[in-house]
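Okay, so here's the structure we're looking at.
Just so you know, all these numbers are worked out from the coordinates, no wet-lab data involved. Being a predicted model, the structure only gives us computed values, none of them experimental. Cβ placement follows ideal geometry from the backbone for every residue including glycine, while neighbour counts extend to all protein chains displayed.
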Amino acid sequence: MPAVNLSFVSNYNERVEPLMNGTIRADGFEIIPTYSHPSETFWRQLKFQEFEVAEMSMSSFLIARSRSADMIALPVFPSRRFFHAEQSYHVDSGIKEPGDLVGKRIGVGEYQQTAALWARGVLEHDFGVSQFKVHWYMERTDELSHGGATGFTPPPGISFHRIPPDKSLATMLVNNEIDVAPIAGHLSRAVNVIDRSTHIRASEGDWSKVKPLFPDEIAEAKRFVAKHGFVPVNHTYIIRGDLYRNNPGIALKLYDAFSRAKAHAAATLLERVPAALVFGAEYLAMTNEILGDDPFPYGIKDNQAMLQTIIDFSHEQGLTPRKMKVEELFAEELLGT
Amino acid sequence: MPKLRLSFISAFNERVDPLMQGQVQAEGIEIVPTYSHPSETFWRQLKFQEFEVGEMSMSSYLIARERGFDMIALPVFPSRRLFHTELSYHTDSGITKPEDLVDKRIGIGEYQQTAALWQRGILEHDFGVSQYKVHWYMERTEELSHGGATGFTPPPGISFQRIPPDKSMASMLVNHELDVAGINSPWKNMPNVIGRSHRISGSEGDWSKVKLLFPDRMAEGKRFFGKWGFLPVNHAYTIRGDIYKKYPWVAFNLYTAFVKAKATFNAKLLDSIPSGLFFGKEYLAMTQEILGADPYPYGVKANRKMLETLIDLSHEQGLTSKKAKVEELFAESTRGL
């Protein structure tokens with residue numbers, strides 16, 4: 001039987017790459033890969049549903065599902081980070097530690113993005129910074145944001161502002177027009193059409209006045225994992241509803257392929273560490289010591305706590321009108337994984 | 001515009017790859033790249049001089065130059081390692097620290113290879129293990145070794161043995177027919193026609209009995225760098241004599257291209273660290289804390305101490321009969337760099 005073609009959009013991710021470059025194949029399917037920046041991917045997918053399989057923001061997915069968007073997720077979570085520990089502050093703000101953020105101006109790429117959800121939730125629950133007692137500044141415009149595609153309005157009680165179109169997170173932070181943002185220097189990453197900080201880079205500003213909120217990110221990661229037991233998820237992968245209904249078995253086959261791709265990446269991780277780090281084997285051992293042998297577990301069981309936390313945060317932040325159920329999010333045949 | 005086409009052989013090296021990929025161009029030169037394992041490269045270059053520009057073992061180069069080989073090096077040193085920290089021992093040997101190596105059997109790929117030169121020299125000078133008071137076991141055969149191409153005979157006074165053709169460093173270490181070798185798990189290197197440890201990998205042996213001689217490689221790296229001030233070189237690049245004489249400008253043009261290629265890689269180093277390490281930024285900072293901002297300096301000036309040490313060790317180990325002058329090793333126009 002000839003393989004079924006699948007349009008597949010994702011950013012480069014080392015745990016997914018073997019699937020996109022054909023090293024690992026999904027049984028019965030031929031993947032036609034499109035590499036795309038998440039900012040663009042989610043906007044295209046939420047607004048136009050262009051791809052049959054797509055990387056998807058966990059937060060926007062919860063919102064989209066609460067509004068009955070026709071897509072279903074696989075319990076695969078290959079991108080995870082300590083988002084709250086990526087925040088920086090301007091030294092003139094008077095901030096010294098995370099608890100000092102009360103009353104301050106915090107920049108976010110997009111209010112509903114997964115990174116902002118985790119940063120808000122962790123600041124609130126672990127550092128006592130109420131989401132209602134800070135001022136939020138969002139960079140993306142309504143037209144080009146994921147929220148624009150899912151019908152975002154600022155939750156009641158939130159102090160919400162938009163960054164003016166001639167400014168960016170980067171310029172406002174370096175000029176102390178905001179106090180905190182998840183950006184530590186002028187962005188060097190590739191331009192995308194959604195994020196202004198990739199155009200308005202503020203390379204002329206005095207970045208020596210911008211300091212990381214958690215100067216020892218490793219220590220903070222240790223604390224976070226010891227308390228919560230997981231590394232916060234960023235994105236998952238969804239199957240478009242029509243494709244899911246017309247191809248029984250597709251979810252299992254894709255899940256299996258994602259799992260094999262991850263195993264391939266884990267087996268080749270050390271050899272992909274640049275020689276310039278010199279102590280690559282030692283660093284990998286340090287990471288495993290802190291996060292365990294598999295910081296990217298797939299499946300429902302090993303992600304219960306993480307999924308319940310993001311569902312709770314999403315609801316408590318007014319992004320979803322009710323707490324979503326895990327069964328509403330993932331393909332039925334994968335609920336036992 | 002016509003360019004001089006030059007055949008170019010090298011293993012993948014992140015600091016050289018932009019040049020081999022064509023992302024960085026040498027003025028006036030079009031490179032025709034061949035990727036090749038160093039074991040094969042040096043044997044082909046020393047025996048048949050096949051390539052016009054090639055990666056070259058620094059130790060074999062010192063020997064070859066003394067014997068009148070017609071090639072000239074560029075002072076570029078993109079491959080460096082802490083070779084002595086890569087040694088492992090079998091736990092039944094009674095070894096517990098480097099000083100215990102006296103009288104033990106040490107396996108090496110090839111007696112004259114740069115890795116073995118540094119291991120011998122550092123064990124002797126920093127740990128009091130005389131090269132004359134241990135037993136050396138070499139894996140490569142005479143026909144397929146770099147020494148076979150440069151006329152190697154074991155230096156007087158050295159206890160020198162060859163590993164039998166049906167065994168390898170890996171199988172002999174794991175079976176405790178050797179006490180020490182630069183290997184601590186079944187060999188996973190890509191097959192090459194010169195070495196044997198990839199074919200006779202010792203994978204059935206009990207590798208839990210093989211331990212790193214320096215369990216804390218970072219602490220030893222710090223000690224070594226603190227005392228010696230450099231990261232030991234492995235390979236340089238040479239230009240074949242006929243090309244250098246006909247086109248003397250090639251040397252300087254290639255040198256500046258190597259410099260640009262290294263800068264190109266350094267600019268994307270942070271982004272090229274696998275996200276699976278999580279703390280790539282922190283780890284890179286740790287490496288730079290130990291080894292400085294540029295552990296791979298190019299040019300004669302910045303490497304004089306390292307080159308003089310290498311020349312001294314080569315001579316003291318009986319690999320070269322007199323000490324070369326640093327300047328005579330490199331193309332004339334690059335000697336003042």
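Take every Cα pair under 8 Å in region A:98-232 that's 6+ residues apart, average their separations, divide by the length, and report that relative contact order as a whole percent.
This gives 24 percent for region A:98-232.
Taking each residue in A:285-295, count the Cβ atoms of any other chain within 10 Å of its Cβ, then average. What number comes out?
Average neighbour count from other chains, rounded to a whole number: 2.
Against the empirical 2.2 N^0.38 Å scaling, what ratio does the C-alpha Rg of region B:31-146 come to? Intermediate results must be reported in sequence, preceding the final value.
Working: Rg = 16.3 Å, N = 116, 2.2 N^0.38 = 13.4 Å.
Normalised Rg, Cα atoms only: 1.22.
With both partners inside chain A, how many of the DSSP beta bridges are antiparallel, as a percent to the nearest 5? Before the final figure, lay out each step's value.
Values: 16 of 35 bridges.
Beta bridges within chain A, antiparallel portion: roughly 45 percent.
Setting aside same-chain residues fewer than 8 positions from B:Lys325, which lysines have a Cα under 22 Å from its Cα?
B:Lys245, B:Lys301, B:Lys305
Given the C-alpha atoms of chain A, compute the convex hull and give its volume per residue in Å³. Please report the intermediate quantities before stating the final value.
Numbers: hull volume 45.0 nm³, N = 337.
Roughly 133 Å³ of hull volume per residue.
How far apart, in nm, are two points set 7 Å out from the Cα along the Cα-to-Cβ line at B:Thr96 and at A:Gln304?
Here the modelled spin labels are 4.6 nm apart.
Please compute the contact order of chain B in relative form: average sequence separation of alpha-carbon pairs under 8 Å and at least six residues apart, divided by the residue count, as a percent.
Numbers: 601 pairs, mean separation 89.5, N = 337.
Computed value for chain B: 27 percent relative contact order.
In debye, nearest 20, what is the charge dipole magnitude of region B:249-337 about its Cα centre with +1 on Lys and Arg Cβ and -1 on Asp and Glu Cβ, if you could check?
On the way: 11 positive and 10 negative charges, 43 e Å.
Roughly 200 debye for region B:249-337.
Would you mind checking region B:224-262 for residues with the amide N under 19 Å from a putative spin-label position 7 Å along Cα→C-beta of B:Lys305?
Counting backbone N atoms under 19 Å from the label point, the list is B:224-234.
If you keep only loop residues by DSSP, which trypsin sites (Lys or Arg not before Pro) in region A:13-78 have at most 13 other Cβ atoms within 10 Å of their Cβ?
Details: sites: A:Arg15, A:Arg25, A:Arg44, A:Lys47, A:Arg65, A:Arg67; in loops: A:Arg15, A:Arg25, A:Arg67.
Hits after loop and neighbour filter: A:Arg67.
Return B:Arg15, A:Arg105, B:Arg199 ranked ascending by Cβ neighbour count within 10 Å, so the fewest neighbours appear first.
Values: B:Arg15 24, A:Arg105 21, B:Arg199 12.
Final ranking by Cβ density, sparse to dense: B:Arg199, A:Arg105, B:Arg15.
Under 15 Å between alpha carbons: how many lysine pairs meet that in chain A, if sequence neighbours fewer than 8 apart on the same chain are excluded? Intermediate values should be presented prior to the final figure.
On the way: A:Lys96/A:Lys104; A:Lys96/A:Lys209; A:Lys96/A:Lys211; A:Lys104/A:Lys133; A:Lys253/A:Lys262; A:Lys301/A:Lys325.
Counting lysine pairs in chain A gives 6.
So what's the gap between the Cα centers of region B:30-86 and region A:1-60, to the nearest angstrom?
43
Could you pull the Cα extents of region B:198-306 along its three principal axes, largest to smallest, in whole Å?
That gives 56, 38, 33 Å along the principal axes, largest extent first.
Where both residues lie in the protein assembly as shown, what percent of DSSP beta bridges are antiparallel, nearest 5?
Details: 32 of 71 bridges.
Once the DSSP bridges in the protein assembly as shown are tallied, antiparallel ones form about 45 percent.
Mean residue ellipticity at 222 nm from the helices of the protein assembly as shown, using -39,500 (n - 2.57) per DSSP H segment of n ≥ 4 over the full residue count, to the nearest 500 deg cm²/dmol?
Values: 24 runs with 230 residues, N = 674.
Calculated from helices alone, the mean residue ellipticity at 222 nm is -10000 deg cm²/dmol.
Translational D (Stokes-Einstein, µm²/s) of region B:293-337 at 10 °C and 1.306 mPa s when Rh comes from the Kirkwood sum over C-alpha pairs? Present the calculation step by step, with values, prior to reporting the outcome.
Values: Rh = 11.4 Å.
It diffuses with D of about 140 µm²/s by this estimate.
Once you place label points 7 Å from the Cα toward the Cβ at A:Val193 and A:Arg245, how far apart are they in nm?
Rounded to a tenth, the inter-label distance reads 2.9 nm.
If you wrap a convex hull around the alpha carbons of chain B, what volume per residue comes out, as a whole number of Å³?
Expressed per residue, the convex hull around the Cα atoms of chain B is 134 Å³.
Applying a 10 Å radius around every beta-carbon, put A:28-41, B:91-104 in order of their mean neighbour count, most first.
Taking the mean over residues of other Cβ atoms within 10 Å, the ranking is A:28-41, B:91-104.
Taking every pair of Cα atoms in region A:1-155, average 1/r, invert it to obtain the Kirkwood radius, and report Rg/Rh to two decimals. Before the final figure, lay out each step's value.
On the way: Rg = 18.3 Å, Rh = 17.5 Å.
Rg divided by Rh gives 1.04.
Treating only the Cβ atoms of Lys and Arg (+1) and Asp and Glu (-1) as charged, compute the dipole magnitude of region B:67-180 about its Cα centre; round to the nearest 20 debye.
Details: 11 positive and 15 negative charges, 42 e Å.
Computed about the Cα centre, the dipole is about 200 debye.
May I ask which residue of A:Trp207, A:Ser159, A:Leu254 lies farthest towards the positive end of the charge dipole of chain A, with charges of +1 (Lys, Arg) and -1 (Asp, Glu) on Cβ and the Cα centre as origin?
So the residue we want is A:Ser159.
What residue among B:Met169, B:Val76, B:Val129 has its Cα farthest toward the positive end of the dipole of region B:56-202, where the charges are +1 on Lys, Arg and -1 on Asp, Glu, each on the Cβ?
Looking along the dipole axis, the top candidate is B:Val76.
Kirkwood hydrodynamic radius of the protein assembly as shown from all distinct Cα pairs, in Å?
Working: mean 1/r = 0.0356 Å⁻¹.
One decimal place: 28.1 Å for the Kirkwood radius.
Can you tell me how much longer the chain between B:Ser321 and B:Lys47 gets when fully stretched, taken as 0.36 nm per residue apart minus their C-alpha distance, in nm with one decimal? Before the final figure, lay out each step's value.
Numbers: separation 274, 0.36 × 274 = 98.64 nm, distance 2.09 nm.
Value of the extension gain: 96.6 nm.
Where does each of B:319-331, A:151-163, B:269-281 land if you order them by average Cβ count within 10 Å, highest first?
Details: B:319-331: 16.2, A:151-163: 14.0, B:269-281: 18.1.
Result, highest mean Cβ count within 10 Å first: B:269-281, B:319-331, A:151-163.
Express as a percent, rounded to the nearest 5, the fraction of DSSP beta bridges in chain B (both residues included) that run antiparallel. List each step's numbers first, then the result.
Numbers: 16 of 36 bridges.
About 45 percent, rounded to the nearest 5.
I'd like to know which of B:Ile200, A:Pro75, B:Tyr247 lies farthest towards the positive end of the charge dipole of the protein assembly as shown, counting +1 on Cβ of Lys and Arg and -1 on Cβ of Asp and Glu.
The residue sitting most towards the positive pole is B:Tyr247.
Fewest to most neighbouring Cβ within 10 Å: what's the order for B:Trp136, B:Trp228?
Working: B:Trp136 19, B:Trp228 15.
Ordered from fewest to most neighbouring Cβ atoms within 10 Å, B:Trp136, B:Trp228 come out as B:Trp228, B:Trp136.
Once you keep just the Cα pairs under 8 angstrom separated by 6 or more residues, what percentage relative contact order results for region B:136-260?
Contact order relative to length: 19 percent.
For chain B, what is the charge dipole size about the Cα centre, in debye to the nearest 20, if Lys and Arg each add +1 at the Cβ and Asp and Glu each add -1 at the Cβ?
Values: 40 positive and 39 negative charges, 113 e Å.
Result for chain B is approximately 540 debye, rounded to the nearest 20.
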